Each structure stands twice: as structure tokens, then as C-alpha cells.
Amino acid sequence: MENNKRPESMERITNMALANAFIAEQIEEIRGQVGNKKVLLALSGGVDSSVVAALLIKAIGKQLVCVHVNHGLMRKNESENVVELFRNQLDANLIYVDATDRFLNLLAGVSDPESKRKIIGKEFINVFADEARKLEGVSFLAQGTIYPDILESIKQAEGKKAVKSHHNVGGLPEDLQFELVEPLKLLFKDEVRVVGEALGLPHAMVYRQPFPGPGLGVRCLGAITRDRLHALREADAILREEFDKNGLAGKVWQYFVVIPDIKSVGVKDESRYEGWPAIIRAVNTTDAMSATVEEIPYALLRQITDRITKEVDGINRVLYDLTPKPVGTIEWE
Ligand code: XMP
């Protein structure tokens, strides 16, 4: 725990100059720790793992092996964007695994939210471990651990109750125990973002909204089916596009679509049209412990409703969730 404590003297990284100094220091440290060995990283495309990847690419180039597992529960184009940025633009050594079938087959018929989470978390480790076993000469595992994660672990070690368990690859099997490389472990989230920008990552990636580890799995309520998951992905893409176009993307903390496992009767082309409702959620918060609902302009709500019902097969109603946290949680599952 000793070097897991942020020194009181450590200055908060608030600008490019401080970020560049941090990057230079970390590059030295990583090179010293790793030598000419290989480092493995599970690259989800989230802020933390992306910043770790960019930092390690700078420090050790192709000695870093990134594995991106597409669990089939990513948002529209998300995996494609990770491959485009890291493999094509940053020339990273990137293994892309499309594990959609593995995940969706295991999840078929499972409706309990906690069981779904457990299946997704466990299978993620299985897929990642399968890839790791195929590689030779890997000695290190890089992780996007940040300081709040460390503080949470300290609290747990002191016997306090965990708020939530973190979705990372800490549960790898015995035969795959690596030494850890955690260059962001003393940083807070806002500092990670500044470092990300200093490393040249796109603003949209560094400032992207939080996305749960189990992805769209917890927004396609109840037992996941491929058709409803597809509708969810398309509706969510429309919501994000409209928020972007209307200047809400950088302003609202988290916004997404949820599709419950119910159908209602509607009418389309003068015929009965049974479909799912798409539920829009848009919330603001500072710490995700409580949240308020964004007051979306009515005209924009109408525009989103119009587009989703016209463009997405299987959706015949759009609803806006007005519930703050508490009493609702941010996600529906
Ligand atoms: P709730 O729904 O608990 O969400 O109000 C609070 C924040 O946590 C995110 N969230 C998760 N993140 N794995 C994650 O990595 C999860 O299983 C998970 N569940 C919720 C949620 O998106 C929100 O930002």
C-alpha cells in the first residue's frame, strides 16, 4: 500500500505543462519497470484504459499488446472506433476479439440483473484469459486503475462496505498472474482527462460520458434478445447524435436509452403495430450517488421521438424518465 498513497505534496494536474511533466516522468518509470518485456492491456475504449494505452504506446511502443474484447454490448460503432484510433492511427499492437456470440449465447434467457452482470464479468475474464494464453513472453499486465479505485480498496481493507465492485481483469486465473503496471493509480479522473489530452487523444474520447462495464446489457432489460439489443443500439445512437447536434453532449453528465422487455399496441401504415417503448434517461450528477434529471427542451424531445419511431424497427413509443436518484438509480438494472 505504501506507494499507493498519493503524497500530500503531489500537485494537482490541471494544465498541459503539468500533464507533460507527469507523462515524461511516467515514461521513464514504465521503461525502468518493464525493460524489454511485453505488457498486456485490456483496452475497453473507456477513458482510463485509453489513456493507459496511449501512455504505454509512447513509452514502449509495440511491447504493449492491447486486447479489445467486443462483448456484443457496446454502443454503435464503439469497437470500430477503438480499432480505428489505436490500430490505424496510433499504430498499436491491438488484438480485436469479437466475442458477441459467446456473450449473447450465455445471456440467452437470463433475466435477473445481477446474474446478467456476473455472467458478463466472468465471461470477460474468460475471453481475455484465452487471448493472454495464446501470447508468448508477456510478463506484465497494465490496468487503468485510478486513485478513487485505490481509495475504495483501502476502505474495503479497513472493513468498510464496498459501494460497488470494479469491473476490471483483477480476477484472472492462477496461471496468468502478471506483475501490474498502473501508471494512473495516483490520479483523479479530471487529471486523467488532462493527461489524455496532452497525449493527443481526441477530446470526445477523453471527455466521454461514463459507460457501465456490462454495457448495453443492463439497458436491454430482462432477458436480452438480439433484435431488441439492435433496436436499443440504434435508438441510443440517435439520442447521442441529437444531443451532439443540439449542444447537450458536453453539458449533460450521462444520457442513454433503455428498452424494457414489454410490448404495447400501436399503429403503423394503418395496421396494428406492436412494439417496445424506448425510454430516454438524461441525468446530471457530480458523484453518481445522487442525480437530477436534465430538462430537455420539448422540441428536441419531439424530434428524438420522431426519429426513433421512424428509423428504428420495433419501437412504437418513446418515453422520458423524469425520476431523480434517489428514488430511481441512474441505470434501470
Ligand atoms: P446507478 O445505476 O447505480 O449508477 O445509479 C451509477 C453510475 O455507475 C454506472 N454503473 C456501472 N458501472 N459497472 C460499471 O462499471 C456496472 O455494473 C455499473 N452499474 C452502473 C452507471 O452507468 C452510473 O454512471
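The values are calculated or read from the model by the stated rules, or taken from the named source; none is laboratory data. It should be emphasised that the depicted structure is a prediction, and the values quoted were computed from it without experimental measurement. Counting neighbours? That spans all protein chains shown, and the Cβs are built from the backbone with ideal geometry, glycine included. Heavy atoms of the whole protein, side chains included, go into the accessibility calculation; ligands, DNA and RNA do not. Shrake-Rupley method; radii C 1.70, N 1.55, O 1.52, S 1.80 Å.
Restricting to the range 250-261, name every residue that is modelled with pLDDT under 95 and surrounded by 13 or more Cβ atoms within 10 Å (Cβ to Cβ).
Matches in the range 250-261: none.
Among the listed residues ALA299, ALA288, ALA278, which satisfies the condition of being among the small types (Gly, Ala, Ser) and within 16 Å of the ligand (Cβ to nearest atom)?
When all the criteria are applied, what remains is ALA288.
Could you list, in sequence order, all residues of the range 178-192 that are open to solvent by 50 Å² or more (accessible area, probe 1.4 Å), assigned to a helix (DSSP H, G or I) and touching a helix residue (DSSP H, G or I) at 6+ places or on another chain (Cβ under 9 Å)?
LYS189 - this is the single residue of the range 178-192 that is open to solvent by 50 Å² or more (accessible area, probe 1.4 Å), assigned to a helix (DSSP H, G or I) and touching a helix residue (DSSP H, G or I) at 6+ places or on another chain (Cβ under 9 Å).
Which condition does ARG307 not pass, out of (1) in a helix (DSSP H, G or I); (2) open to solvent by less than 90 Å² (accessible area, probe 1.4 Å); (3) more than 23 Å from ARG226 (Cα to Cα), if it passes all the others?
(3)
Residue under question is ARG208, and the condition is that it be open to solvent by 30 Å² or more (accessible area, probe 1.4 Å) and in contact with a strand residue (DSSP E or B) (Cβ under 8 Å, 6 or more places away or on another chain); does it hold?
Taking the combined requirement at face value, the residue does not satisfy it.
If you go through the range 42-53 one residue at a time, how many are part of a helix (DSSP H, G or I), of a type in the set (A, V, I, L, M) and open to solvent by 10 Å² or more (accessible area, probe 1.4 Å)?
1
State which residue pairs qualify: first residue within 16 Å of the ligand (Cβ to nearest atom) and inside the range 305-333, second residue open to solvent by 50 Å² or more (accessible area, probe 1.4 Å) in any location, beta carbons under 7 Å apart, and separation of 6 or more residues or different chains.
PRO324/THR292; LYS325/SER290; PRO326/SER290
Restricting to the range 270-291, count the residues that are closer than 17 Å to LEU248 by Cα and open to solvent by 30 Å² or more (accessible area, probe 1.4 Å).
Matching residues across the range 270-291 total 2.
Take the residues of the range 164-179 that are in contact with a Gly (Cβ under 9 Å, 6 or more places away or on another chain) and either small (Gly, Ala, Ser) or away from the ligand (no atom under 16 Å from the Cβ) (or both): which is modelled with the highest pLDDT?
That would be GLY171.
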